[in-house]
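**Q** Would you mind keeping the following structure in view while I ask a few things?
The values are calculated or read from the model by the stated rules, or taken from the named source; none is laboratory data. Since the structure is predicted, the reported quantities are computational estimates derived from the model, not experimental observations. Here the Cβ positions follow ideal geometry from the backbone for every residue, glycine too, while neighbour counts run over all protein chains shown. SASA here: full protein model, heavy atoms, side chains in, ligands and nucleic acids out. Shrake-Rupley method; radii C 1.70, N 1.55, O 1.52, S 1.80 Å.
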Amino acid sequence: MDVPIPPAHAMTTRRLHLAPQTGAAVEVRRGELLKIIDPLGEQVSDLISFASADRTEWLSSGRTIDYANTIYVTTGHVLYSNRSRPMWTIVDDTVGRHDFLLTPCSPETFTILYRTTGHHPSCFENLARHLAPYGIPPNAIPTTLNVFMNVDVLPSGELRILPPRSRAGDHIVLRAEMDLTVGITACSAELSNNCRFKPIDVEIHAAVEKTALDLQPSHAVDAAPASE
Ligand SMILES: [Zn+2]
């Protein structure tokens, strides 16, 4: 009797379902693909990462914006650490608008900006809680990559937080360039999510030999010597 053997990728894909206003932490190995999916649309997911080998090395908004020369990262951009080492490469992005300027929403965000009284769930608290078992203290959490967050910059420099452009099923895929400890959320801030809190789905796919980027022929063509 033949028993079908599932393909390797089916056995090694890990999945997380983040309920609204929650978070998680997970280890992602170098070469693995992290796919962040907005299953219902218009939902932000805050992402942060630390080098597993030395968690004082973290994903840096400043370094990444320096080298990308844009505040809007998308397919093909490399995301750098505070030590200017590549942490991620974005290999697919069906939305093309994410924020890397603003910090994760925190208890203070809600008291200062929203004037909320009493406890309000926040990405910062969710990240801090889930990263604590890895020895990462709250003060080590920097600016997050706010996946699907739609922030416009006016000519005056004023920021406008708009509803995410993501629709149901939209996603971004990042390839890990080193072993990483990753914190991720389904964002808790009303303004960032068009006032409706939705889940976020995460998939971690096994390392692949070739990615879409690697398969582009431009490098091979460039490397060919000019000859007559
Ligand atoms: Zn948030």
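**Q** Assuming R0 = 25 Å, what is the FRET efficiency of L113 and N139, from their Cβ-Cβ distance, to the nearest 0.05?
**A** The value I calculate is 0.75.
**Q** Another question, then. What list of ³J(HN,Hα) values in whole Hz, one per residue of segment 183-198 in order, does the Karplus curve 6.51 cos²θ - 1.76 cosθ + 1.60 (θ = phi - 60°) give from phi, with Gly and Pro shown as x?
**A** Ordered by residue, 3J(HN,Hα) equals x, 8, 9, 9, 4, 9, 8, 4, 5, 6, 10, 6, 6, 9, 8, 10 Hz.
**Q** Say we join alpha carbon atoms closer than 10 Å with springs in a Gaussian network model of the chain; which of C195, C123, C105 then has the biggest fluctuation?
**A** C195
**Q** If you roll a 1.4 Å probe over the chain with all protein chains in place, what percent of the accessible area is carbon or sulfur?
**A** 56
**Q** Could I ask something else about it? Explain nothing, just compute: Karplus ³J(HN,Hα) = 6.51 cos²θ - 1.76 cosθ + 1.60, θ = phi - 60°, for every residue of segment 39-49 in order, whole Hz, x for Gly and Pro.
**A** Calculated HN-Hα couplings, in order: x, 10, x, 6, 10, 8, 10, 7, 10, 9, 9 Hz.
**Q** Compute the relative contact order of the chain as a whole-number percentage, counting only Cα pairs closer than 8 Å that sit 6 or more residues apart in sequence.
**A** RCO, the chain: 40 percent.
**Q** Whole-Hz Karplus ³J(HN,Hα) for segment 132-138, in order, using 6.51 cos²θ - 1.76 cosθ + 1.60 and θ = phi - 60°, x for Gly and Pro?
**A** Here the 3J(HN,Hα) series is 4, x, 8, x, 9, x, x Hz.
**Q** Another question about this same structure. Lys and Arg at +1, Asp and Glu at -1: add these up for the other residues within a Cβ distance under 11 Å of V153 and post the number.
**A** Net charge in that neighbourhood comes out at -2.
**Q** Would you compute, from DSSP H runs of 4+ residues alone, the mean residue ellipticity of the chain at 222 nm, taking -39500 (n - 2.57) per run and dividing by the full residue count, rounded to the nearest 500?
**A** -3500 deg cm²/dmol
**Q** What is the spin-label model distance, in nm, from L162 to T94 if the labels are put 7 Å beyond Cα along the C-beta direction?
**A** 2.1
**Q** Next question, about the same structure. So for the chain, taking the charge dipole from beta-carbon charges (+1 Lys/Arg, -1 Asp/Glu), which of T111, S52, S156 sits furthest toward the positive end?
**A** Checked the options; the winner is T111.
**Q** Taking 0.36 nm per intervening residue step and subtracting the Cα-Cα distance, what contour gain separates R83 from D54 on full extension?
**A** So the extension gain works out to 9.3 nm.
**Q** Taking 0.36 nm per residue of sequence separation and subtracting the Cα-Cα distance, how much length would be gained by fully extending the chain between T13 and E190, in nm to one decimal?
**A** 60.6 nm
**Q** Taking the Cα centroid of segment 57-85 and of segment 104-181, what is the distance between the two, rounded to the nearest whole Å?
**A** 16
**Q** Take the eigenvalues of the Cα gyration tensor for the chain, scale each by 5, and report the square roots as semi-axes in whole Å, largest first.
**A** Value: 30, 22, 18 Å, ordered largest first.
**Q** Just want the answer: with Cβ charges of +1 for Lys and Arg and -1 for Asp and Glu, which residue in S166, I90, I141 is farthest toward the dipole's positive end in the chain?
**A** I141
**Q** Show me the three semi-axes of the equivalent ellipsoid for segment 71-151, from the C-alpha gyration tensor (sqrt of 5 times each eigenvalue), largest first, rounded to whole Å.
**A** 26, 18, 10
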